[in-house]
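**Q** I have a structure I would like to understand better, so I am pasting it below and will then ask my questions one at a time.
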Protein chains: 2
Amino acid sequence: MRAKVHVALKKSVLDPQGKTILQALHRLGYEEVKDVRLGKEFYIEIDESDPGKARERLEEMARKLLANTVIEDFVVEVEE
Amino acid sequence: MRAKVHVALKKSVLDPQGKTILQALHRLGYEEVKDVRLGKEFYIEIDESDPGKARERLEEMARKLLANTVIEDFVVEVEE
């Protein structure tokens, strides 16, 4: 079973990388871009046939390893 | 209009970061995880009301700045 875990800084946390990319896009002439925030995406192949169980395990992995929940939010997406 | 640009290493390119995370998950007891690959996700706010035009501009930005198309693939997702 394939799954994705999306991890991004909480909305309340400044994202200097995103800000730098925004400025670079403006310099290239993409003035219509108003905001950029950067996240990570983990593409995971998991040997578990029950989608509910897979989600539960992936949420545990996200809390323990993939995300820093002090400053980041995560979303688990199981491809059924 | 909100959009996402997903950028990930091409399947043919080794992903040592993903491999390291896979090993860490195994050490934590998540033996059911068979593969991990890591990607980036850009959350973009763009001042353009035509979804087709927004997509076109975002694909250009991805080719020019957001992705290294020698080793990375990208997918543009416009939220309509």
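**Q** Given the conditions (1) exposed (fewer than 12 other Cβ atoms within 10 Å of the Cβ); (2) within 9 Å of chain A (Cβ to nearest Cβ), which single one is not true for residue B:44?
**A** Among (1) exposed (fewer than 12 other Cβ atoms within 10 Å of the Cβ); (2) within 9 Å of chain A (Cβ to nearest Cβ), residue B:44 violates only (1).
**Q** Is the stretch A:56-73 home to any residue that is in contact (Cβ under 8 Å) with a residue 12 or more places away in the chain and among the polar types (S, T, N, Q)?
**A** no
**Q** Give the residue that is farthest from residue B:37 (Cα to Cα), with candidates limited to residues of the stretch A:13-39 that are surrounded by fewer than 18 Cβ atoms within 10 Å (Cβ to Cβ) and within 15 Å of the chain's Cα centre (by Cα).
**A** The qualifying residue farthest from residue B:37 (Cα to Cα) is A:13.
**Q** Restricting the stretch B:47-63 to residues that are within 12 Å of another protein chain (Cβ to nearest Cβ) and among the basic types (Lys, Arg), which is nearest to residue A:34 (Cα to Cα)?
**A** Among them, the one singled out is B:57.
**Q** Among what's in the stretch A:64-80 and is of a type in the set (Val, Ile, Thr) and open to solvent by 50 Å² or more (accessible area, probe 1.4 Å), pick the residue that is farthest from the other protein chains (Cβ to nearest Cβ).
**A** Result: A:70.
**Q** Look through B:70, B:75, B:5, B:13 and report the one residue that is in contact with a helix residue (DSSP H, G or I) (Cβ under 6 Å, 6 or more places away or on another chain) and either over 21 Å from residue A:42 (Cα atoms) or modelled with pLDDT of 95 or more (or both).
**A** One residue alone meets the criteria, B:5.
**Q** Let me ask something additional. Take the stretch B:35-56 and flag every residue that is closer than 17 Å to residue A:23 by Cβ and of a type outside the set (A, V, I, L, M).
**A** B:42, B:43, B:45, B:47
So that you can scan it fast, the table gives a plain yes or no per residue for (1) at the interface with chain A (Cβ under 7 Å from one of its Cβ atoms); (2) charged (D, E, K, R):
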| residue | (1), (2) |
| --- | --- |
| B:3 | no, no |
| B:25 | yes, no |
| B:30 | yes, no |
| B:34 | yes, yes |
| B:39 | yes, no |
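The values are calculated or read from the model by the stated rules, or taken from the named source; none is laboratory data. All values reported here derive from a predicted model rather than from experimental measurement. Neighbour counts are summed over all protein chains in view; Cβ atoms, including those assigned to glycine, are modelled from backbone coordinates with ideal geometry. All accessible areas refer to the heavy atoms of the entire protein, side chains included, with ligands and DNA or RNA removed. Shrake-Rupley method; radii C 1.70, N 1.55, O 1.52, S 1.80 Å.
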